[in-house]
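The values are calculated or read from the model by the stated rules, or taken from the named source; none is laboratory data. Nothing here was measured: the structure is a model prediction, and the numbers come from that model. Glycine also receives a Cβ, built like all others from the backbone with ideal geometry; neighbour counts cover every protein chain displayed. Heavy atoms of the whole protein, side chains included, go into the accessibility calculation; ligands, DNA and RNA do not. Shrake-Rupley method; radii C 1.70, N 1.55, O 1.52, S 1.80 Å.
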Amino acid sequence: MSVEYAGLDGWTPDALALPGQVRPVVAAPNPVLSRPGGEVDPTAEETVQLAADLIATMRVSPGCVGLAAPQIGVGVQVFAVDVTGHPKAVTVHGVFVLCNARVVEASRWKAGREGCMSVPDLTGDVKRAGRLVVEGELPGTGSSVRLVTDGFEARALQHEIDHCAGLLFLDRVAGAHAVYQRKVYL
């Protein structure tokens, strides 16, 4: 049973206890991006290594606020998020990784512009929940968490959960009129 709290019960990347490897990011139309990922054992050695690799890859990628396992070619439900320092972020839980995450509550829907490292030349307007409750498991410990967030961090979580389900932001735009050529590359 999950417990609701504002943070991640003190979890930090140090809980992984191993260094991550920077991995190449795959781009659409790579088929791994369009297949739902499988569930993982959050305590398995390969899951812990994957979590460390996601954090390492995210940290060397300018402007990256989230990265899912399918984006580095691994078709499973694991992703990293860190919106720290982003100008649109209000609620910030720091850097964290979730396994087998699912949305349990979503409200305050609003459209907003999104981009993606796996779709480097485009951005698009996507309607997402502005308040979100997500349940998942922490890599390494396997602890179940119930994370409550809002605003930009909620958008980032939904974007990464979509990746784990085999969806890109392009699958969520209202139509071709809501897709734009990227003007700024970070």
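Since residue 152 meets every condition but one in (1) surrounded by 14 or more Cβ atoms within 10 Å (Cβ to Cβ); (2) under 20 Å from residue 36 (Cα atoms); (3) at pLDDT 95 or above, which condition does it not meet?
(2)
The conditions are (1) farther than 21 Å from residue 162 by Cβ; (2) in contact with a Cys (Cβ under 9 Å, 6 or more places away or on another chain); (3) surrounded by 16 or more Cβ atoms within 10 Å (Cβ to Cβ), and residue 20 fails exactly one of them. Which is it?
It is condition (2) that residue 20 fails.
Can you pull out the residues in the range 155-175 that are without any contact (Cβ under 8 Å) to a residue 12 or more places away in the chain and open to solvent by 90 Å² or more (accessible area, probe 1.4 Å)?
Matches in the range 155-175: 171 only.
Restricting attention to the range 112-136, report how many residues are among the aliphatic types (A, V, I, L, M), open to solvent by 20 Å² or more (accessible area, probe 1.4 Å) and free of Cβ contacts under 8 Å to residues at least 40 places away in the same chain. Give the steps one after another, and end with the answer.
Taking the range 112-136 first, the residues among the aliphatic types (A, V, I, L, M) are 117, 119, 122, 126, 129, 132-134.
Those still in the list that are open to solvent by 20 Å² or more (accessible area, probe 1.4 Å) too: 117, 122.
Checking the rest, the ones that are also free of Cβ contacts under 8 Å to residues at least 40 places away in the same chain come to none.
Looking only at that region, the number is 0.
If you take the residues in the range 73-91 that are small (Gly, Ala, Ser) and within 14 Å of the chain's Cα centre (by Cα), which one is surrounded by the fewest Cβ atoms within 10 Å (Cβ to Cβ)?
Step by step, filter the range 73-91, then rank; the result is 75.
Return a yes/no flag: does the range 56-63 have any residue that is outside any strand (DSSP E or B), open to solvent by 40 Å² or more (accessible area, probe 1.4 Å) and at positive phi. Break it down stepwise before answering.
So in the range 56-63, the residues outside any strand (DSSP E or B) come out as 56-63.
Subset that is open to solvent by 40 Å² or more (accessible area, probe 1.4 Å): 59-60, 62-63.
After this cut, where a residue has to be at positive phi as well, the list is 63.
Yes; the residues of the range 56-63 include at least one that is outside any strand (DSSP E or B), open to solvent by 40 Å² or more (accessible area, probe 1.4 Å) and at positive phi.
Select from the range 39-97 the residues that are free of Cβ contacts under 8 Å to residues at least 60 places away in the same chain, closer than 21 Å to residue 9 by Cβ and among the polar types (S, T, N, Q) and list them in ascending order.
84
Looking only at residues that are assigned to a strand (DSSP E or B) and in contact with a His (Cβ under 9 Å, 6 or more places away or on another chain) in the range 66-95, which one is farthest from residue 182 (Cα to Cα)?
Let us first name the residues in the range 66-95 that are assigned to a strand (DSSP E or B), namely 66-68, 76, 78-81.
Okay, now just the ones that are also in contact with a His (Cβ under 9 Å, 6 or more places away or on another chain), so 66-68, 79, 81.
On the way: 66: 18, 67: 19, 68: 21, 79: 24, 81: 22 Å.
Ranking the qualifying residues of the range 66-95, first place goes to 79.
Taking the conditions exactly as written (under 18 Å from residue 148 (Cα atoms), more than 14 Å from the chain's Cα centre (by Cα) and crowded, with 16+ Cβ neighbours inside 10 Å), does residue 8 satisfy them or not?
The answer is yes for residue 8.
Residues in the range 118-153 that are of a type outside the set (A, V, I, L, M), touching a Lys or Arg at 6+ places or on another chain (Cβ under 8 Å) and within 21 Å of residue 178 (Cβ to Cβ): how many?
Within the range 118-153, residues that are of a type outside the set (A, V, I, L, M), touching a Lys or Arg at 6+ places or on another chain (Cβ under 8 Å) and within 21 Å of residue 178 (Cβ to Cβ) number 10.
Tell me which strands (runs of 3 or more DSSP E) are completely within the range 96-186 and hold 1 or more residues being farther than 21 Å from residue 23 by Cβ, under 17 Å from the mean Cα position of the chain (by Cα) and among the aliphatic types (A, V, I, L, M), or say none if there are none.
In the range 96-186, the matching strands (runs of 3 or more DSSP E) lie at 96-116, 119-137, 144-150.
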